[in-house]
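Here's the structure we're looking at; comments come further down.
Just so you know, all these numbers are worked out from the coordinates, no wet-lab data involved. Not measured: the values here are computed from a predicted model. Neighbour counts are summed over all protein chains in view; Cβ atoms, including those assigned to glycine, are modelled from backbone coordinates with ideal geometry.
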Protein chains: 2
Amino acid sequence: MPFVSAEELTEIAENALAAHGVPVDEARVVARSLVASNLAGHDSHGVMRLPQYLEAIRAESVVPGAPIEVIRETPSTAVLDAHWGFGQVAATRAAEIAVAKAEACSLAGVAVHNSTHIGRLGEYVEIAAARGMVGMLFVNGHGGAHNTVPWGGADARLCTNPLACAIPTGDAPIVIDISTSAVAEGKVRTYRIQGKPVPEGWIVDSDGNPTRDPNVLYQQPPGSLLPLGGNVGYKGFALGLMVDVLAGALSGAGCSSPDARRGGNAFTFLAIDPRAFCGRDEFAAFAASLISWVKSARLAPGAREILVPGEVERREAERRQKEGIPVPDEVWEQLTRLRSPAPTQTSGTRA
Amino acid sequence: MPFVSAEELTEIAENALAAHGVPVDEARVVARSLVASNLAGHDSHGVMRLPQYLEAIRAESVVPGAPIEVIRETPSTAVLDAHWGFGQVAATRAAEIAVAKAEACSLAGVAVHNSTHIGRLGEYVEIAAARGMVGMLFVNGHGGAHNTVPWGGADARLCTNPLACAIPTGDAPIVIDISTSAVAEGKVRTYRIQGKPVPEGWIVDSDGNPTRDPNVLYQQPPGSLLPLGGNVGYKGFALGLMVDVLAGALSGAGCSSPDARRGGNAFTFLAIDPRAFCGRDEFAAFAASLISWVKSARLAPGAREILVPGEVERREAERRQKEGIPVPDEVWEQLTRLRSPAPTQTSGTRA
């Protein structure tokens, strides 16, 4: 399996997108976003998706160069119609607008509909944290992509409805990026590929019976994910509803419903400027102290370290910046085929 | 056990507080808040707390009539110093200010420090929902009251750090009110009183070992609560950090730390006006449709009904408004003793 530098992967992705009619600035945003997922260790959201993206362009399910239209605006808010352009472009724009508005209004909210999938949420809230603000992001499946049961239910009614929040600390931010289902679907797929049973409390079969067999999610009729919380899963269900409404209703895309016409993401980005409250420096100092305090706890038996959200991804990114990103052979083959006319060249290979 | 009307309990509480030097308008807010908890079925936050409140007044740990000082303000934000007055009064004021500011600015945030305990969170976010807005509330233990371990830790470092969110639906609102620990401490106490083991994933002993023995939380050295999430408790830990920072840092009270000087709550209230986004009526209609959709799922084996957050409490309140609030004999004795010079009189008695 080759180890490829982030720069090389970004260039491959950017060029391939541009060759498929994606405007250069958009191609750059999408390519960087894909590679940022690889750097963070979330390879399932990384460059392995590129062939699928190019196919989506051909199938016209994503619209390169689609205008991001501001359909409603106040000094502190905006509603955007992304016209089914790349989700990464729309989410980046939403974050930038929210941060600019919060700069003036202390709090700002930008809601987006008609966006394709935005990928890893953490990336966008980090835009706010880099400016000393809190960024919060609530995302639904644009009303569709139901794979999670309500608490007590046997049929999927919600998407995994993730939320993200980045908190500036003066140093690296705290970056929270979690689904409100017990886990994202990809985690179950990983267990399935490894032929291992999933932990308890993650999934139910198509009749709502708890199971540890990951295959049930991929049978007909399919099983579903459970909401976050294990035996108090009503809490995850509550959070899933909250995210669905903040993302789907505020944006006008719609909450989860049987009528969703098209896959994608609807989302709402909130930015909060601590300047209007305790002050930016004080805020970051409070957050930094909190990190020291939680890390000062003795370890539980079997635990190796107390990690704050975002820390694993940051360490992995540092390592992969140095050592390169491991790209499975079949993915690398696909990528190099995209890279004509330049010759195939890897940055290094490791067993 | 007597069943007492909400009106009678409110009057008893209001008069007792007033007799202890609490200004009449504050006494009314606190009394109504206590009885609202009883109505919702959360008796542990209800009138049984009244003797404790009166003792707190005598001990000067709560300051009746304390000014709620606006120490920083912008059109969309405020920071309040509650000067250790009643938390219910400060939280109600924060909600009202946030709603008024969101009316003008679409989004608003009000952060409060130096408040005593605010009780049931749901009550305050409902103030926003009653005005067609989303209300969100993030609460920490004013930096103290550590009873929850970080993920992987053996020592308590966070409070239960609850969050609440109310969503208008045109009919009764969705009211989310959850701790970011697996459960609130009171739930473990209930199992202990009943002599039953708690479900898995709720608590650890003082060395961080998972246990189902509720007694460990009350021994020396004490055990701790686990974060929400069971085998994915890093998610509850992430939410707990988010709440701690939004509540403790924005308000200036401080996040969880070894230096907390005094018990109480710090909190931040966010109000979001859907008018600036999809519109208030459309927003409520989206939320109402979501409720119908999740309720349309078949039931999982063993489940009796799919309930949305706030529904259990609302039903209980309707029942108790009709049938009266059950008050344990020893609590009722305490309350009637407070009610001199009027004679003791119950609204009815039921086996």
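Quick look at the values:
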item: Lys, Arg +1 and Asp, Glu -1 on Cβ, resulting dipole of chain A about Cα centre, debye, nearest 20; result: 480
item: Full-extension gain in nm, residue A:220 to residue A:61, via 0.36 nm per residue minus C-alpha separation; result: 54.7 nm
item: Residue exposure sequence - A:118, B:193, A:325 - by fewest surrounding Cβ within 10 Å; result: B:193, A:325, A:118
item: Under 5 Å, built H, 5+ apart or other chain: amide partners of residue A:117; result: A:87, A:265
item: Per-residue average of Cβ from other chains inside 10 Å of A:175-188; result: 2
item: Within chain A, helix-based [θ] at 222 nm, where runs of 4 or more DSSP H residues each add -39,500 (n - 2.57), nearest 500; result: -11500 deg cm²/dmol
item: Distances in nm from residue A:1 to the matching label points in the other copies, shortest first (labels 7 Å along Cα to Cβ); result: 5.9
item: Rounded FRET efficiency, nearest 0.05, which uses the C-beta distance separating residue B:337 from residue B:25 and R0 of 22 Å; result: 0.30
item: Residue B:321 paired with residue A:7, simple spin-label distance in nm, labels 7 Å along Cα-to-beta-carbon; result: 6.9
item: Spatial separation of Cα centroids for the stretch B:16-37 and the stretch B:166-202, in angstrom; result: 26
item: Ranking of A:191, A:53 by count of other Cβ atoms within 10 Å, fewest first; result: A:191, A:53
item: Identity and axial distance of the chain B residue whose Cβ lies nearest the axis relating B to A, Å; result: B:230, 1
item: Distance between the stretch A:89-148 and the stretch B:236-287 - C-alpha centres, whole angstrom; result: 18
item: Distance (nanometres) between label positions extended 7 Å along Cα→Cβ at residue B:295 and residue A:83; result: 4.0
item: Whether chain B is rounded, prolate or oblate, judged on the alpha carbon gyration tensor where a/c under 1.5 counts as rounded; result: rounded
item: Spatially proximal lysines relative to residue B:101 (Cα-Cα < 25 Å; intrachain offsets below 8 disregarded); result: A:101
item: Inter-copy label distances at residue A:323 (7 Å, Cα→Cβ; nm, one decimal); result: 6.3
item: Extension gain from residue B:209 to residue B:304, taking 0.36 nm per residue of separation minus the Cα-Cα distance; result: 30.8 nm
item: Label geometry 7 Å along the beta-carbon vector: residue B:71 inter-copy distances in nm; result: 4.4
